[in-house]
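The values are calculated or read from the model by the stated rules, or taken from the named source; none is laboratory data. Note that this is a predicted model, so its numbers are computed, not measured. Here Cβ is always computed from backbone atoms with ideal geometry, including for glycine, and neighbour counts include all displayed protein chains. Surface accessibility is based on the protein's heavy atoms, side chains included, excluding ligands, DNA and RNA. Shrake-Rupley method; radii C 1.70, N 1.55, O 1.52, S 1.80 Å.
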Amino acid sequence: MKIPKELYNGIIIWIGISIYFLAMKALDLADLFYLRALNILFIYYGANRMLKSNYKEGKTELPANAISALTTALIGVFISIAGLILYSYMQGGDKYIESLSASFLFGGDPTVVTYGVSLLFEGIVSAVIVTYTLMLFWKKRYPCD
């Protein structure tokens, strides 16, 4: 059974984000919020890789490619958030989130679920923005009416 390309590239996004954040934690850089924002580069890489693959296969319909790129990015985001929630519980749950939220944009005492949901919204927005910008870049390669 062959894995769909969207899922495969979404897993690549997740692996990239996971390794990046684990490396930041190992280097004690996890509290620098501007380094956390660079995870969008992994979403960009996976979605762009999806579009390149579609283009090489001759799939040049703009709407279909936009859906494919967005699906790839969202899969990467969902798996990454699920991994973060699992990792947070393995590290101590809400106590671990309190240490993360001190350098993040949270007020009060967020829980693992609150933290995950807020990052999920951020990830969805990132996926949409990345897909939109990639489609603007790739539109010159697609025929238009």
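Numbers below:
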quantity: Gaussian network model of the chain, Cα within-10 Å springs - most flexible of MET24, MET135, MET50; calculated: MET24
quantity: Which label in (i) -0.83, -0.91, -1.23; (ii) -0.93, -0.97, -1.18; (iii) -0.91, -1.04, -1.62 gives the computed log10 I(q)/I(0) by the Debye sum over Cα atoms at q = 0.16, 0.17, 0.21 Å⁻¹; calculated: (i)
quantity: Qualifying lysines (Cα of each under 16 Å from Cα of LYS56; at least 8 residues distant if same chain); calculated: LYS5, LYS139, LYS140
quantity: Per-residue SASA entry for ASP31, accessible area with 1.4 Å probe, Å² rounded to 10; calculated: 90 Å²
quantity: Surface accessible to a 1.4 Å probe, GLU61 within the full protein complex, Å²; calculated: 100 Å²
quantity: Kyte-Doolittle at least 0.5, axis length at least 30 Å by Cα - qualifying DSSP helices, the chain; calculated: 5-26, 62-90, 112-138
quantity: Charge dipole (debye, nearest 20) of the chain; +1 at Cβ of Lys and Arg, -1 at Cβ of Asp and Glu; calculated: 740 debye
quantity: Point-to-point label distance, LYS139-LYS5, nm (Cα→Cβ direction, 7 Å offset); calculated: 2.1 nm
